[in-house]
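Here the structure comes first, spelled out in structure tokens, and everything after it is commentary.
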Amino acid sequence: MTSIGREAFFECTSLKHVVLHEGIVRIGPSAFHKTSIENITLPSTLQAICDYTFLGCTSLESINIPPSVATIGYAAFSGCNSLKQVDLCGGSPMIMNESFHSCPKLDHSNIIATGRMRIDAFRHFARADIFRRIHAMNSNQNAIIENKLNRVPDQIVADPDSNNSGKISQ
């Protein structure tokens with residue numbers, strides 16, 4: 001077996017711990033959508049995390065993504081509201097739109113430093129919060145991140161320091 005199929009474990013709420021064996025190269029769309037996964041071990045052979053793969057996995061707190069992964073699909077981790085840590089393990093995958101949408105606890109500074117993401121991969125993160133988190137990074141990483149952030153349209157960036165807290169800035 002080289003892939004996990006579309007919706008293979010969709011809404012399987014008894015699923016808590018997963019170890020995928022070496023040789024798996026692709027996790028299909030919605031494969032673990034709305035499961036109760038708390039942790040998952042991905043193989044070093046994995047190349048693609050497809051669209052919606054972990055959408056709504058509210059118990060998932062961290063994940064290590066092997067450097068072999070070339071693409072993290074659309075909304076792959078969207079709605080993982082307990083997700084705090086994503087380790088790219090030195091890789092630089094293309095991060096598609098809304099991949100980490102509505103992941104309010106995520107420390108995303110190591111992810112955006114890859115420089116390979118769609119403009120709204122982190123929709124609903126606050127620009128001010130991102131700048132606070134990256135201040136300790138080296139100058140090359142800062143330049144990459146600030147360049148990307150300066151291209152983000154203001155209408156999709158909420159500012160937690162404004163009087164319109166929780167609203168989208170215009």
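Going through region 16-40 one residue at a time, which ones are aliphatic (A, V, I, L, M), touching a residue at least 24 places away in the same chain (Cβ under 8 Å) and part of a loop (DSSP other than H, G, I, E, B)? Hits for region 16-40 are Leu20, Ala31. In summary, Ser62 fulfils each of the numbered conditions (1) under 20 Å from Leu106 (Cβ atoms); (2) at pLDDT 95 or above; (3) touching a strand residue (DSSP E or B) at 6+ places or on another chain (Cβ under 6 Å); (4) surrounded by 15 or more Cβ atoms within 10 Å (Cβ to Cβ) with the single exception of condition (2).
Checked against the criterion of being in contact with a Pro (Cβ under 6 Å, 6 or more places away or on another chain), small (Gly, Ala, Ser) and open to solvent by 30 Å² or more (accessible area, probe 1.4 Å), the candidates Ala8, Ala70 yield just one match: Ala70. Once region 11-50 is narrowed to residues that are on the phi > 0 side of the Ramachandran plot and in contact with a Cys (Cβ under 9 Å, 6 or more places away or on another chain), the residue that is surrounded by the fewest Cβ atoms within 10 Å (Cβ to Cβ) is Lys34.
Pairing each residue of region 41-69 that is more than 19 Å from Met96 (Cβ to Cβ) with any residue that is among the β-branched types (Val, Ile, Thr) and surrounded by fewer than 19 Cβ atoms within 10 Å (Cβ to Cβ), provided the two are 6+ apart or on different chains, yields C-beta distances under 6 Å for Thr41/Val19; Pro43/Ile24; Thr45/Val25.
The values are calculated or read from the model by the stated rules, or taken from the named source; none is laboratory data. Keep in mind the model is a prediction, meaning the values are calculated, not measured. Positions of Cβ are backbone-derived with ideal geometry, glycine not excepted, and every protein chain shown enters the neighbour counts. For the accessible areas, the whole protein counts, side chains as well, though only heavy atoms, and no ligand, DNA or RNA atoms are used. Shrake-Rupley method; radii C 1.70, N 1.55, O 1.52, S 1.80 Å.
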